[in-house]
Amino acid sequence: MKRRHFLGTLAFLPFVGRAQEGPPEADPVEKMTAPSTPTIALNHLGFRPRVGRKTLVVRATGSTRPKSFTLRDVVDVKFRLTRPLAEGRSDFGPCLTADFTDVNRPALYQITVGKEHSIQFAVHEDVWRRTIPKAVGYYRYQRCGVEVPGVHPACHLDDARRRDTGEHVDVVGGWHDAGDLRKWMEVTMLNGVALLNLYRNNPDPRPADPTREQLLEEVRYGNRYFLKMQDADGKIWADAAGGVNGDNSDNHWTDNVVGTSDDRYINPTKRSGTAAVFATLQGLVGQCYAETDPDYAKRCLEAGIRAWRAFPEPPASTDDLAWWTLAACELYRATHDKEFQEHGYLLGRALTKRQNTSFIADQRQVRGFWMNGDQPYMDIVNSALPPLALLELHATFPDAADRSKWLDAVRLHLDEYVLPISQRNAYRIIPLGMFIGSPTPETYRPLAGNLTYRYFHPVRKQFWWQGANCHLGSNALVLARAYKLTEKREYVDLAYRQLEWIMGANPFAACMMTGEGMRNPYPHSRFIGLIPGGIMNGIAGNMQDEPVLDMHYTLDWRTCEYWSPHVAFYIWANSVLESIA
Ligand SMILES: [Zn+2]
């Protein structure tokens, strides 16, 4: 397609975006709760034979309650079983549940409840693994600064000019972050971190897996841009084309000519957390490319160490603290320099101090979640970063005196918070956050005492709220890694339940990865359309914390926009889960 024609096809598309949404009262998506059918909520991919549980959830939306379900092999029709459905407890309305974990015979199956059929699903060892090449391939579609054949011509060759001085700096490259064309640093660097963790966790790929070379090549593509975003002082700029005043004005194609009026802007803000993600990524690059391209590995590692040195002061927020801990681990692994070890220990100590080990808010039901100041920690992208950072310390420093404390902290978090809180809904998803009282005028689900929770972002706090599949993916990652150290099978089971919600085991029976499952909402991806392997923001909540999802093609970004962190954590979590037999 010629570039002019390509641009012409896009000209009619509406130009709405995050910063230009109307007030929340006018938001139609808040009313998009689950319809009465379908009622079968089952993971569309299927199940591994002996890893994870096989759970069926049926929403009880009608006046009669089905008593049983039938499972049959769609090929060998003689294989068929009927079992009772049990009344299950769920925060998302009445529902029935059943378990068929014992069905380990590899085949293609279908479940029937009353007159309703489920999707056909597989019991097979590779039901998750075969989705990984698709998820990895998502990033090729998102490449910026180069032609992606069949997707878009070379774009944004004129990126970008500084917001403060107007000076042009070459920051061509990287990945578009989402269903838009912007290039936020922290979240797109997370893609590189996830891909290199897949590289590390899958040292002997099978023929159908992404190859070692493909992973290195994709990360190198993104990293070309990340390296350009490092300022002379070692710190890292926040974004290119993120928009000038929190608006969406840079979210457009350009003429690729430097110096014309459509050039986009560099945001020269230099946050500690951005440098921490950068240092983590370059520490990984320093390790993963050491054999194949030692000069590149060395150059990137040096850039990471410059970013590390540019922030000598202790991190202020819990998520920054967690990321600097990860950075210390990766830089130590790349250099074996004691500086990173010593700081890693200090950061680990600071991180464990921020865990709520006593019962707060007049209740004795849950503890072990993290705090940010005097409030429970909540961050959709970095949701599980504090326990993940402690697990990384545990893996990096086998002789550390605090090693058992790090693991104990993660166990407390999982056993006294994550496992019990997820039992409050039949799907077993982990709420996005705990709260003290009701900070905004909307429903906060009471737990006990003054402690409340919401599965989904508050919608009355700010205009910005959205689905958080990355929160589920990152928790799946922590659960999978904790299993490897503890062999507690419940962790693996719960990890898969988080991913199953993304893949269709949810009240909408909708699969949120393009190219998998059925009933996929149409993505908010208004520049290039469908991207195979793309995962959308996912189910969000309304004021009552009921699930909402745009199944009505209204281009709602809150639930249906693609976003880097969902794909990144999906890949990273599966890279660990696949090593579990
Ligand atoms: Zn671009």
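The values are calculated or read from the model by the stated rules, or taken from the named source; none is laboratory data. Remember, predicted model here, so these are calculated numbers, not experimental data. Glycine gets a Cβ as well: all are built from the backbone with ideal geometry, and neighbour counts include every protein chain shown.
Against the conditions (1) crowded, with 19+ Cβ neighbours inside 10 Å; (2) more than 16 Å from the ligand (Cβ to nearest atom); (3) basic (Lys, Arg), residue 183 satisfies every one except (2). Of the helices (runs of 4 or more DSSP H) that lie entirely inside the range 369-485, those containing 1 or more residues that are out of contact with any His (no Cβ under 8 Å at 6 or more places or on another chain) and surrounded by 24 or more Cβ atoms within 10 Å (Cβ to Cβ) span 385-396, 403-413. Of all residues in the range 323-358, those satisfying the criterion of being closer than 20 Å to residue 412 by Cα, free of Cβ contacts under 8 Å to residues at least 24 places away in the same chain and part of a loop (DSSP other than H, G, I, E, B) are 356, 358. The condition (being touching a helix residue (DSSP H, G or I) at 6+ places or on another chain (Cβ under 7 Å), surrounded by fewer than 24 Cβ atoms within 10 Å (Cβ to Cβ) and within 27 Å of residue 389 (Cβ to Cβ)) is satisfied by just one residue among 516, 490: 490. Restricting the range 25-78 to residues that are assigned to a loop (DSSP other than H, G, I, E, B), within 27 Å of residue 131 (Cβ to Cβ) and β-branched (Val, Ile, Thr), which is modelled with the lowest pLDDT? Residue satisfying both the conditions and the ranking: 37.
The selection criterion, being in contact (Cβ under 8 Å) with a residue 60 or more places away in the chain and either of a type in the set (D, E, K, R) or more than 16 Å from the ligand (Cβ to nearest atom) (or both), holds for residue 201. Restricting 139, 109 to residues that are in contact with a strand residue (DSSP E or B) (Cβ under 8 Å, 6 or more places away or on another chain) and within 16 Å of the ligand (Cβ to nearest atom) narrows the list to 139. Applying the selection to the range 221-255, what residues are outside any loop (DSSP other than H, G, I, E, B), of a type in the set (Lys, Arg) and surrounded by 16 or more Cβ atoms within 10 Å (Cβ to Cβ)? Across the range 221-255, the qualifying residue is only 228.
Residue by residue, here is whether (1) within 16 Å of the ligand (Cβ to nearest atom); (2) assigned to a loop (DSSP other than H, G, I, E, B) holds:
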residue	(1), (2)
125	no, yes
130	no, no
134	no, no
145	yes, yes
156	yes, yes
159	yes, yes
188	yes, no
207	no, yes
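Which one is farthest from residue 356 (Cα to Cα), of the residues in the range 300-322 that are free of Cβ contacts under 8 Å to residues at least 60 places away in the same chain and acidic (Asp, Glu)? If we take residues in the range 300-322 being free of Cβ contacts under 8 Å to residues at least 60 places away in the same chain and acidic (Asp, Glu), then 302 is farthest from residue 356 (Cα to Cα). When the range 425-467 is filtered for residues that are farther than 20 Å from residue 89 by Cα, touching a Lys or Arg at 6+ places or on another chain (Cβ under 6 Å) and hydroxyl-bearing (Ser, Thr, Tyr), only 440 remains.
For the range 161-179, the set of residues classified as in contact with a strand residue (DSSP E or B) (Cβ under 8 Å, 6 or more places away or on another chain) and either among the hydrophobic types (A, V, I, L, M, F, W, C) or more than 11 Å from the ligand (Cβ to nearest atom) (or both) consists of 161, 162, 163, 167, 168, 169, 171, 175, 178, 179, listed by residue number.
With the structure loaded, tell me whether residue 189 is in contact (Cβ under 8 Å) with a residue 24 or more places away in the chain, buried (at least 20 other Cβ atoms within 10 Å of the Cβ) and within 22 Å of residue 573 (Cβ to Cβ) or whether it fails that test. When the stated conditions are applied, residue 189 passes them.
Kindly provide the set of residues from the range 294-353 that are aromatic (Phe, Trp, Tyr) and either out of contact with any Cys (no Cβ under 9 Å at 6 or more places or on another chain) or closer than 21 Å to residue 231 by Cα (or both), ordered by number. First the steps, then the outcome.
Our first condition is that a residue be aromatic (Phe, Trp, Tyr); within the range 294-353, this holds for 296, 308, 311, 323-324, 332, 340, 345.
Selection gives 296, 308, 311, 323, 324, 332, 345.
Flag: residue 559 does not match the condition of being touching a residue at least 40 places away in the same chain (Cβ under 8 Å), of a type outside the set (A, V, I, L, M, F, W, C) and part of a loop (DSSP other than H, G, I, E, B). Being surrounded by 20 or more Cβ atoms within 10 Å (Cβ to Cβ), away from the ligand (no atom under 16 Å from the Cβ) and over 30 Å from residue 264 (Cα atoms) is not true of residue 100.
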